[in-house]
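What follows is a single structure, written as structure tokens, with notes after it.
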Amino acid sequence: MSFGMRPIPGRLAHCLGLQAVLAWIRCAMIADWSDTVTHRWYRCSMLPYNLDHVAIAVENLDIAIDGYRTLFNIEVLYREVVADQGVEEAMLAVGGSCVQLLAPLNPDTPVGKFLATRGEGLHHLAFAVPDIIAALEHLKELDAELIDETPRIGGRGARIAFVHPRELTGTLIELVEVSGE
Ligand code: CO
């Protein structure tokens, strides 16, 4: 009754042997192309691993927060004045990401000018990156137009940097350094 099973270990050994040979070939190929592969992996590590937040420019922070709370039951994680950027921001948790509401501290700030010309609405997308220095170096290698060549300090003391909207479909992109745990 077990005779029918006899060939199986042989086939298994053959398969494992084949797998070992294929693995060896893959290793040899990676060794030959080590520079390219390492470079590609380095590039991959620069990929944003999360949409940290979507930022909306608003005229009045209290009214905007009330709207999100009333319509969607979304609560505020924190509110903070970021004087350096001339805004008061409110971060609202939405699943694994956030909506960031930005109200200008005065009309002469970047968000104040944005509201004057474009009105309320989408202001920027923020990508979480594990290493903002490496991410900026990667963008500089590609000659991307950056607003910040070096990181500045954003809400909650996070290191952030902005990529110019001219670089990508008219959309302002923010990089936020966030640890990956
Ligand atoms: Co932001």
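Bear in mind these aren't lab numbers, they're just calculated from the coordinates by the rules spelled out. Worth saying up front: this structure is predicted, and the values here are computed from it rather than measured. Please note: Cβ atoms are built from the backbone with ideal geometry, for glycine as well, and neighbour counts cover all protein chains shown.
By other beta-carbon atoms within 10 Å, ranking GLU174, GLU141 with the fewest at the front produces GLU141, GLU174. Note on region 53-105: Kirkwood radius taken over Cα pairs, Stokes-Einstein applied at 10 °C and 1.306 mPa s, translational D equal to 145 µm² s⁻¹. Within region 123-181, all pairs of alpha-carbon atoms sorted by distance into 5 Å bins from zero give the percentages 4, 20, 32, 27, 13, 4, 0. Counting beta carbons within 10 Å around each of HIS123, HIS164 and listing the fewest first gives the order HIS164, HIS123.
As a footprinting exposure proxy, order GLU167, GLU75 by other Cβ within 10 Å, with the fewest listed first. Numbers along the way, then the final one.
On the way: GLU167 17, GLU75 10.
Lowest count first: GLU75, GLU167.
How much length is gained on full extension from ASN73 to LYS140, taking 0.36 nm per residue of separation minus their Cα-Cα distance? Walk me through the numbers before you get to the answer.
Numbers: separation 67, 0.36 × 67 = 24.12 nm, distance 4.08 nm.
Gain on extension, ASN73 to LYS140, equals 20.0 nm.
For region 50-177, what Kirkwood radius comes out of the mean inverse Cα-Cα distance, in Å? Let's see the in-between values first.
On the way: mean 1/r = 0.0666 Å⁻¹.
Its Kirkwood hydrodynamic radius stands at 15.0 Å.
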